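K.L.:
Structure in C-alpha cells, see below.
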Amino acid sequence: MKRLPWREIYDALTVAPSGITGLGLFAGTRIPARAKIGEFEGEVIGLREARRRAKGRRIVAIVELERHAIDATDTGRGFRFINHSCEPNTYIRCTRDRAEFYALRNIAPGTEITADYGETQHDGKLRCRCGAKRCRGAI
Ligand SMILES: [Zn+2]
C-alpha cells in the first residue's frame, strides 16, 4: 500500500460532532498503522503562561513541551479537536519543540481520531466518557 505523506492525511482530517463529547476529529483517508498524522499547531507560549491559561478552562487545548507550550485554542481545526480515549487509536510523541501524532493501528476513513491525554491539567477530576472497555473513568 502506498504511504501518504502526513500532510495529505492531516489535510483530509475533518471536524464533526463526536461520539464521545462535543466536536471530534475524524479521519478523511485510510491511515496506516504507525503513519504520522500531523503535528499540534498553535500559539507558542511559555510554560508559566500555559499553566495560567489552563486554569479554570474546561477544555484545555494546550500541549506542554520541554521549554514552551503550544496553545491551539484559537485554531479552527486540527488536533485541538482530538478527544481522549483510554483505548486510543493514536499516540502523541513530544519532541523538544513539537507534539506529533502517529496512528497506533490502521484507521478507516470516517473513524474518530482519539489520543490518550495522559497527564492533564484536569488532574483526573474530569469524568471520562470514552466508552472503552478498559476506561479508567476519569481524565
Ligand atoms: Zn475513558
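Nothing in this text is a laboratory measurement; each read-out follows from the coordinates by a stated rule. A quick note: this is a predicted structure, and the numbers were derived from the prediction, not measured. All Cβ positions, glycine included, derive from the backbone under ideal geometry; neighbour counts span all protein chains shown.
K.L.:
Normalized C-alpha radius of gyration of segment 15-77, against 2.2 N^0.38 Å? Write out the running numbers ahead of the final one.
P.N.:
On the way: Rg = 13.9 Å, N = 63, 2.2 N^0.38 = 10.6 Å.
Taking N as the residue count of segment 15-77, the ratio is 1.31.
K.L.:
Related question: Given an 8 Å cut-off on Cα distances and at least 6 residues of separation, report the relative contact order of segment 28-139 as a percent. Please list the in-between numbers first.
P.N.:
Details: 217 pairs, mean separation 34.5, N = 112.
Relative CO of segment 28-139 lands at 31 percent.
K.L.:
In which sequence would His68, His84 go, from the one with the fewest C-beta neighbours within 10 Å to the one with the most?
P.N.:
On the way: His68 15, His84 20.
Placing the least packed residue first, the sequence is His68, His84.
K.L.:
List, in order, the whole-Hz ³J(HN,Hα) value for each residue of segment 101-107 obtained from phi through the Karplus relation with A = 6.51, B = -1.76, C = 1.60 and θ = phi - 60°; use x for Gly and Pro.
P.N.:
10, 10, 6, 7, 8, 5, 10
K.L.:
Give the relative contact order (percent, whole number) for segment 1-55; include only Cα pairs under 8 Å separated by 6+ residues.
P.N.:
Values: 41 pairs, mean separation 17.2, N = 55.
About 31 percent, as a whole number.
K.L.:
Let me ask you something else. Determine the principal axes of the Cα atoms in the chain, then give the extent along each, sorted from largest to smallest and rounded to whole angstroms.
P.N.:
Here the spans come out as 45, 32, 23 Å, largest first.
K.L.:
Can you tell me the dipole magnitude for the chain around its Cα centre, using point charges on the Cβ only (Lys, Arg +1; Asp, Glu -1), in Debye to the nearest 20? List each step's numbers first, then the result.
P.N.:
Values: 26 positive and 17 negative charges, 79 e Å.
Roughly 380 debye, rounded to the nearest 20.
K.L.:
Can I get the semi-axes of segment 79-139's equivalent ellipsoid? Compute them from the C-alpha gyration tensor as square roots of 5 times the eigenvalues, in angstrom, largest first.
P.N.:
Working: eigenvalues 71, 57, 17 Å².
Values for segment 79-139, descending: 19, 17, 9 Å.
K.L.:
Between Ile70, Ser18, Ser85, whose Cα lies farthest towards the positive end of the dipole of the chain when Lys and Arg beta carbons carry +1 and Asp and Glu beta carbons carry -1, centred on the Cα centre?
P.N.:
So the residue we want is Ser85.
K.L.:
Considering only C-alpha atoms, what is the centroid distance from segment 58-114 to segment 4-22, in Å?
P.N.:
With segment 58-114 and segment 4-22 each reduced to a Cα centre, they are spaced 11 Å.
K.L.:
Can you list the residues, at least 5 places off or on another chain, whose amide H is less than 5 Å from the amide H of Ile113, using H built in the peptide plane?
P.N.:
Leu25, Phe26, Ala27
K.L.:
Moving to a separate point now. So what is the diffusion coefficient of segment 41-96 in µm² per second by Stokes-Einstein at 37 °C and 0.692 mPa s, using a Kirkwood Rh over Cα pairs?
P.N.:
Working: Rh = 12.1 Å.
Stokes-Einstein gives a translational diffusion coefficient of 271 µm²/s.
K.L.:
In whole Hz, with x marking every Gly and Pro, tabulate ³J(HN,Hα) for segment 35-50 from phi via Karplus 6.51 cos²θ - 1.76 cosθ + 1.60, θ = phi - 60°.
P.N.:
Once θ is set to phi - 60°, the couplings for segment 35-50 become 5, 6, 9, x, 10, 6, 10, x, 7, 8, 9, x, 5, 5, 4, 4 Hz.
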